[in-house]
Structure formats: C-alpha cells, structure tokens
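Student: My questions all concern the structure below.
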Amino acid sequence: MITIIGISKTYGKVKALDSLTLEIKQGEIFGLLGPNGAGKTTTVKILTTLTKPDSGKCFIDGKDVIGQPQDIKKIIGVVPQENNLERELTVYENLLIYGMLHNVSEIKKKIEFILKTMELTEKRETVVNKLSGGLQRRVLLARALLSEPKVLFLDEPSIGLDPHIRRELWQLIRKIKIEGRTVLLTTHYIEEAEALCDRVGILSHGSLIALGSPSELKKQVGEYVVEFIDKDGSLISEICHSREEAYEIAKRRNDGVTIRRSNLEDVFVKLTGERIIQTRINQ
Ligand code: ATP
C-alpha cells in the first residue's frame with residue numbers, strides 16, 4: 001500500500017532522512033519508532049505531501065506521492081501531532097466543516113456513523129474547548145476518518161495522554177484496522193508500538209535500523225534481559241537469547257539482579273547504543 005524507495009531529505013546540515021526504503025502492506029498497523037530527531041515526522045510529512053524529499057520516490061496505493069499530490073490527498077487521512085481543531089466550535093460543527101471543505105459525499109450520514117464508531121455521539125454538541133485532551137484526540141481521529149481514507153497517518157497519537165485514555169485510543173485505532181484501512185503511526189512509546197503495531201520500523205539518524213513484528217525483533221536481538229547495579233552505581237542491562245543464558249549471567253553477579261523479558265527499547269539500545277526516551281506507560 002505504501003512504497004518508499006530511497007528517500008533522502010536534508011535540512012541545512014542535518015540529514016533528516018538518509019535513503020529510506022520501506023514497504024507497508026495494506027491493512028497493517030505499522031509503527032515508525034525512534035528517538036527525537038530520528039526522521040519520523042519528516043517521513044510522514046513527505047508521505048502526506050507536506051514536504052518533498054531531495055531524492056527518492058514514494059507511492060501510496062500505486063499513486064506517485066510527489067507527482068500526484070492531489071490524488072494522494074483524496075486517499076489519506078492525517079492526525080497531526082498538534083491539535084488543529086476549531087476550538088470554539090462543537091464536535092459536530094468541526095466534522096461538518098471539514099467534510100464540506102473536503103467534498104465528502106453523504107456527509108451527515110457519515111458523521112453519524114463516525115461519531116458512533118469513535119464513541120463521541122454524546123459529545124456531538126459540546127464545544128471542543130470543553131473536551132478533555134483525550135476526547136479532543138478522538139475528534140481529530142474522527143475528522144481524519146470522514147473522507148474514508150485508505151491510509152491513515154497518526155503522528156504521535158497518544159502523546160501527553162493518561163495511560164488509561166491512551167488504552168481507550170488504542171482500542172479505537174484497532175477498530176480502524178478492522179475496517180481494512182492501513183495505519184502508519186509514529187511513536188516514542190514502546191508499549192504503544194508493542195500493543196498496537198503488526199510491524200515496526202526503528203529509525204535512527206534518518207535510516208531504518210530494524211524492521212519486523214515486535215516479537216520477531218525481540219527474538220532476533222534477545223528475549224531476556226539481566227539487570228544489575230554496577231560497582232559505580234550505574235544500571236547495567238545485558239540482553240540474551242535464552243532463560244538459561246540469563247541465569248548464567250545472573251549467577252555471576254551479586255545481589256540485586258533482576259531478569260525480565262526484553263522490549264523494543266532493549267532492541268533499540270542493543271542496535272544503536274542509544275535510548276529512545278523514557279517509555280514506560282506508567283511514568
Ligand atoms: P521527534 O520525535 O522529535 O518529532 P522525529 O523523529 O519526528 O523527531 P523529525 O522531526 O523528522 O524527527 O526531524 C529529523 C531531523 O530533521 C531533526 O534533526 C530535526 O531537527 C530536523 N528538521 C526537521 N524539520 C526541520 C525543518 N523544517 N528545518 C530544519 N530542520 C528540521
């Protein structure tokens with residue numbers, strides 16, 4: 001559904017994307033994961049026709065993103081990082097105006113359906129300003145779905161949301177997948193990628209350093225982590241492939257050793273030596 005072939009993008013001296021190549025299948029939830037500045041938003045901006053790459057090509061549903069931007073806009077929906085709803089207007093008015101601006105057919109019928117799917121029917125006459133951050137994010141999602149996009153882009157969909165609100169949002173994103181749409185999301189949150197994504201691509205300095213399902217990536221790099229405090233007081237994590245190997249490492253250490261299952265953050269650290277960011281949902 002999405003084909004990216006060797007796209008590069010430079011801002012001044014910063015190489016935001018360095019020959020990125022990636023294929024995203026129809027109907028999958030794909031997560032672009034990486035630390036600040038890895039190139040996630042730049043990738044989304046290029047695919048949603050907001051900016052052009054310096055080189056390379058990309059296609060969505062067979063259409064050339066650079067050569068046919070008007071055709072692309074008809075088949076995509078975008079939930080940006082920043083909330084750009086009309087805050088003085090109601091939920092219903094926001095959807096209606098957006099639908100009219102985008103020539104959505106049978107607009108009123110579609111609004112009713114989407115309000116129901118996104119569990120917003122009771123809030124239809126509420127002014128956006130009066131909604132919580134989580135509900136406003138739901139309205140953004142509902143608005144992006146109005147044009148029945150084949151591909152939905154979500155840039156950091158749950159940033160700043162409370163853990164339980166985040167989980168509710170994940171449920172709604174899963175519903176979108178059930179409808180057969182393709183979802184590309186960017187995220188800093190490891191749990192979000194693990195809970196939601198069929199596959200993830202880990203970006204570092206504009207390049208893809210790992211690609212696969214969360215469980216495949218953990219199998220490749222190591223499914224267990226042994227953690228202990230070093231002599232100088234720093235936390236050391238050693239990733240390994242089997243429980244037996246983990247026990248062997250643990251036996252060689254003193255007290256305070258813990259063994260846990262690896263997560264995508266461990267995969268990232270192993271591959272790059274860097275951390276993504278604080279990623280625990282309960283932090
Ligand atoms: P974040 O998680 O912080 O949103 P990201 O992975 O989305 O990061 P990008 O926003 O794509 O990363 O940025 C990639 C690099 O390009 C960064 O070094 C960023 O500072 C730089 N960059 C992005 N947009 C611009 C711009 N308009 N002008 C100059 N530099 C930019």
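Student: Say each of residue 247 and residue 71 gets a label point 7 Å from the Cα, pointing the same way as Cα to Cβ; how far apart are those two points in nm?
Tutor: About 6.0 nm separates the two model spin labels.
Student: What does the extension gain come out to for residue 162 and residue 271, with contour length at 0.36 nm per residue minus their alpha carbon separation?
Tutor: Working it through step by step, the gained length comes to 36.3 nm.
Student: Rounded to the nearest 5, what is the percent of antiparallel bridges among the DSSP beta bridges in the chain?
Tutor: Of the beta bridges lying entirely in the chain, close to 60 percent run antiparallel.
Student: Expressed as a whole percentage, what fraction of the accessible surface of the chain belongs to carbon and sulfur atoms when a 1.4 Å probe is rolled over the protein heavy atoms?
Tutor: Heavy-atom surface of the chain belonging to carbon and sulfur, 1.4 Å probe: 50 percent.
Student: Over the C-alpha atoms of the range 217-272, what are the Rg and the largest Cα-to-Cα span, Dmax, in Å?
Tutor: Just the Cα atoms of the range 217-272 yield Rg and Dmax of 11.0, 31 Å.
Student: Here's a follow-up. For the pairs 45/150; 9/150; 13/52; 52/73; 57/270; 73/116, flag any whose C-alpha to C-alpha distance is greater than 20 Å.
Tutor: Check vs 20 Å cut-off fails for 9/150; 57/270; 73/116.
Student: Which log10 I(q)/I(0) values does the chain give at q = 0.10, 0.16 Å⁻¹ under the Debye formula, counting every alpha carbon as one identical point scatterer?
Tutor: Calculated log10 I(q)/I(0) at the listed q: -0.59, -1.24.
Student: May I pose another question? Using a Förster distance of 51 angstrom, determine the FRET efficiency expected from the C-beta separation of residue 126 and residue 258, and round it to 0.05.
Tutor: For residue 126 and residue 258, the calculated efficiency is 0.65.
Student: Excluding ligands, DNA and RNA, what is the solvent-accessible area per residue of the range 217-272 at a probe of 1.4 Å, expressed in Å²?
Tutor: For the range 217-272, the per-residue accessible area is 63 Å².
Student: Contour minus end-to-end for residue 21 and residue 216, with contour as 0.36 nm per residue of separation and end-to-end as the Cα-Cα distance?
Tutor: Length gained, residue 21 through residue 216: 68.3 nm.
Student: Give the residue list of trypsin sites (Lys or Arg not before Pro) in the range 1-85 that are DSSP loop and have at most 12 other beta-carbon atoms within 10 angstrom.
Tutor: Listed in order of number, the matching sites are 13, 25.
The values are calculated or read from the model by the stated rules, or taken from the named source; none is laboratory data. Please read all numbers here as calculations on a predicted model, not as lab measurements. Every residue, glycine among them, receives a Cβ derived from its backbone with ideal geometry; neighbour counts consider all protein chains shown. Ligands, DNA and RNA are excluded from the accessible area calculation, which covers all protein heavy atoms including side chains. Shrake-Rupley method; radii C 1.70, N 1.55, O 1.52, S 1.80 Å.
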